[in-house]
Amino acid sequence: MIVGPNGAGKTLLAEQLAAQFENSGRHVYYLRSERKSQDELYQFLRENSCIREKIEEILSGMFGKFIRFEELENGQLYPIVVNKSRSVEYGLKDGECHGLKEIILLLTELYSADCDCLILDEPELHLHPQLQISFMNEIRKMSRLHRERMFMIITHSPFFIDLRTPDDLIGVVVCHINRVPTHIDMLSEHDEHLIRRFLPRFNTYHKQFFFSDNQIFVEGYTDKQIFSFLLDYLPQNPNKFGTGIIDVGGKDELGVFFIVCSLLGTNGRVITDLDSLFRGKLRDVLCQDPRPSMWLEKQAERQRSFYEQLFLNVPEAVSLNMLISRLERSLLDIGSAAAGLYSENIELKQYSERLRFFISTNENVEDLDTYKTVVLQGVIHYAPDLQRELPEAVASEIPLLKNLLFLILAAAESALVFFLPEGCIEHYYQQNKVMYMPVPAKDKLFHTELNHMVACSPVEIANEYKELLDILSRASSRNL
């Protein structure tokens, strides 16, 4: 399978591969997007009753139609479509849709090609999705019957990305704009196990990222709707063209998409809630990715004095996982101290009450990502007040913590992962003030906010959603 955006060189790559195969003594048949003449096709079908009958059987099952041929006085064949359900006949050339003509051609080439390698260029032309899926199923049948034969598809259609096993992913070559094509040479046992569990949930909508290096993955549908709406308001940003927002249905799924994009070299981007920083597959794979380590290595000298404040013994190489673990330790200390506050400050009082609720209802609150996120949200919003009211030893951690968070978020962005510093998408809403996670009644809040956004002018959008627009602009940049 050769995939990628328009202009990425898919056809050129296929031609180069075809030439190499030919030079090595293999027989290659290349069905280009400019198809052969219909008369030539119909002559072949007339002379090959076995293939014609096989195609007629499929067409009868799909459409309730079959084809017969009449020979005109000049010797040319005139194909007739017989619609059994309506008891009518009409000429295939003039009275039938492009899709039926195309599927006849494709099936003919698939069944008749006597070659070592069959290359199909854009087989999706004129085919609706169900026909694309049906033709892909026929390709699979033929590949099982002729295991010595290679089938190569150049496509822009997610319906031809038919991934049933991890090995199918190895067979995908991704072309890029101004970059060499990429593919997966092999999968580790861990990645193979992860992808095998993931594939049953991998639907056609998700497969958009195979055709663009500029896809942005988000956790849920509300994030998708808000960011898709804001995409049109990015100021003078050419990167929004070709950028898509894909919701994957959970933060662990974000981690799987991150792995797949990294393996395929598609540079997928992630915008995610702040709690993903503390637990889950995305944190695991982000900390294992080499890009944050490389970025932090470049910062080592510049951050030396800061590291000496964070660690008693500064490690030779500071990793992203070390920084996040250090952040978590500070958050647990601050959370424990803040929960014991009984402040007259209304905002701190509400903050402390929320922390006490988490502590009283969770036996192991130190393992709860939402709790750590709430502690961090309070530090971000109420740092000066907390520094005044917390014990000095704990309060002294707050300036370090804020700088540490900034460093962690910047390191994550080097791997194209963008955290929402406020918490989650609802914390950026203008119509309802939401302070902490978890957020109740998300669906109701979302519809209220979206209605407000639709009624806003471009200037109002730019002012009210400046932070989200900034994150979206960075995430959609092709210069990363």
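Under the criterion of Cα pairs below 8 Å and six or more residues apart, the relative contact order for the chain equals 13 percent.
Calculate, in nm to one decimal, what H193 and F357 gain on full extension: separation in residues at 0.36 nm each, minus their alpha carbon distance.
Values: separation 164, 0.36 × 164 = 59.04 nm, distance 3.82 nm.
Taking 0.36 nm per residue and subtracting the Cα distance, the gain is 55.2 nm.
For an R0 of 35 angstrom, estimate the FRET efficiency from the Cβ-Cβ distance between R149 and V82 and round to the nearest 0.05. So the FRET efficiency works out to roughly 0.60.
In this view, the solvent-accessible surface of K281, computed with a 1.4 Å probe and all protein chains in place, comes to about 60 Å². Ranking V88, V417 by solvent-accessible area of protein heavy atoms (1.4 Å probe, all protein chains present), from largest to smallest, gives V88, V417.
Shown here: the chain, whose C-alpha atoms stretch 101, 51, 45 Å along the first, second and third principal axes, sorted largest to smallest.
Treating r as the C-beta distance of E308 and S396 and R0 as 22 Å, the FRET efficiency rounds to 0.90.
Ranked from the most accessible area to the least, with a 1.4 Å probe and all protein chains present, what is the order of M453, M150? Before the final figure, lay out each step's value.
On the way: M453 0, M150 65 Å².
Ranked list, largest accessible area first: M150, M453.
Calculated accessible area for the range 351-394 comes out at 48 Å² per residue, all protein chains present (probe 1.4 Å; ligands, DNA, RNA ignored).
Atom-type composition of the exposed protein surface of the chain places 49 percent of the accessible area on carbon and sulfur (1.4 angstrom probe).
Couplings 3J(HN,Hα) of the range 399-413, computed from phi: x, 4, 4, 5, 5, 5, 4, 4, 5, 5, 5, 5, 5, 5, 5 Hz, in residue order, whole Hz [Karplus 6.51 cos²θ - 1.76 cosθ + 1.60, θ = phi - 60°; x for Gly and Pro].
Distant-in-sequence amide contacts of Y78, defined by a placed amide H-H separation under 5 Å and a gap of 5 or more residues or a different chain, comprise E70, E71, L72. Once all protein chains are placed together, S293 keeps about 50 Å² accessible to a 1.4 angstrom probe. In the context of the full set of protein chains, residues of the range 104-149 present 41 Å² of accessible surface per residue (probe radius 1.4 Å, heavy atoms only).
Once you've got the Cα coordinates, tell me which of K54/K207; K207/K402; K349/K442; K251/K466; K10/K281; K281/K349 are over 29 Å apart. Let's see the in-between values first.
Working: K54/K207 32 Å; K207/K402 37 Å; K349/K442 25 Å; K251/K466 24 Å; K10/K281 33 Å; K281/K349 34 Å.
Over 29 Å apart, Cα to Cα: K54/K207; K207/K402; K10/K281; K281/K349.
Efficiency by 1/(1 + (r/R0)^6): what FRET value for D167 and A462, r their Cβ-Cβ distance, R0 = 45 Å, to the nearest 0.05? Don't skip to the answer; put the middle values down first.
Details: r = 48 Å, r/R0 = 1.06.
Efficiency at R0 = 45 Å is approximately 0.40.
Mind ordering 173-180, 356-363 by average Cβ neighbours within 10 Å, highest first?
Working: 173-180: 16.4, 356-363: 13.0.
Output ranking for 173-180, 356-363: 173-180, 356-363.
Taking amide H as placed 1.01 Å from N in the peptide plane, I153 has its amide H under 5 Å from the amide H of I2, L120, each at least 5 places away in sequence or on another chain. Can you list the residues, at least 5 places off or on another chain, whose amide H is less than 5 Å from the amide H of T272, using H built in the peptide plane? Amide H neighbours of T272, under 5 Å, 5+ apart: F418, F419, L420.
Of the beta bridges DSSP finds with both residues in the chain, what % are antiparallel, to the nearest 5? Before the final figure, lay out the partial values.
Values: 14 of 35 bridges.
Of all bridge pairs located within the chain, approximately 40 percent are antiparallel.
Computed with a 1.4 Å probe on the full set of protein chains, the accessible area for T272 sits at about 0 Å². Taking Cα atoms only, the orientation of helix 10-23 departs from the longest principal axis of the chain by about 60 degrees. Note on R474 and N203: their simple-model spin labels are 3.1 nm apart, each label 7 Å out from Cα toward Cβ. Computed from backbone phi, the HN-Hα couplings of the range 310-326 come to 7, 10, 5, 10, 5, x, 4, 10, 8, 9, 4, 4, 4, 5, 5, 4, 5 Hz, rounded to whole numbers (Karplus: 6.51 cos²θ - 1.76 cosθ + 1.60, θ = phi - 60°; Gly and Pro given as x).
Can you give the relative contact order of the range 416-474 as a percent, counting alpha carbon pairs under 8 Å and 6+ residues apart?
Relative contact order for the range 416-474 comes out at 30 percent.
Working from label points 7 Å from Cα in the Cα-to-Cβ sense, the H128 to N432 distance is 3.9 nm.
Net charge near L194: determine it from the other residues with C-beta under 13 Å of the C-beta of L194, scoring Lys and Arg +1 and Asp and Glu -1. Kindly include the intermediate steps, with their values, before the conclusion.
Values: positive: R196, R197, R201, K281; negative: E189, D191, E192, D252, E253, D284.
Computed value for this residue: -2.
Distance between the 7 Å Cα→Cβ label points at Q16 and E301: 3.9 nm.
At a probe radius of 1.4 angstrom, the accessible area of the range 187-301 per residue rounds to 42 square angstrom.
Per-residue accessible area (protein heavy atoms, 1.4 Å probe) orders R329, R302 as R302, R329, starting from the largest.
Note that the range 220-233 has calculated 3J(HN,Hα) couplings of x, 6, 5, 4, 4, 5, 5, 5, 5, 5, 6, 4, 6, 10 Hz, one per residue in order, obtained from phi through the Karplus relation 6.51 cos²θ - 1.76 cosθ + 1.60 (θ = phi - 60°); glycine and proline are x.
The values are calculated or read from the model by the stated rules, or taken from the named source; none is laboratory data. On a predicted model such as this, the values are computed, not experimentally measured, just so you know. For neighbour counting, all protein chains shown are included, and Cβ atoms are generated from backbone atoms with ideal geometry for every residue, glycine included. Surface accessibility is based on the protein's heavy atoms, side chains included, excluding ligands, DNA and RNA. Shrake-Rupley method; radii C 1.70, N 1.55, O 1.52, S 1.80 Å.
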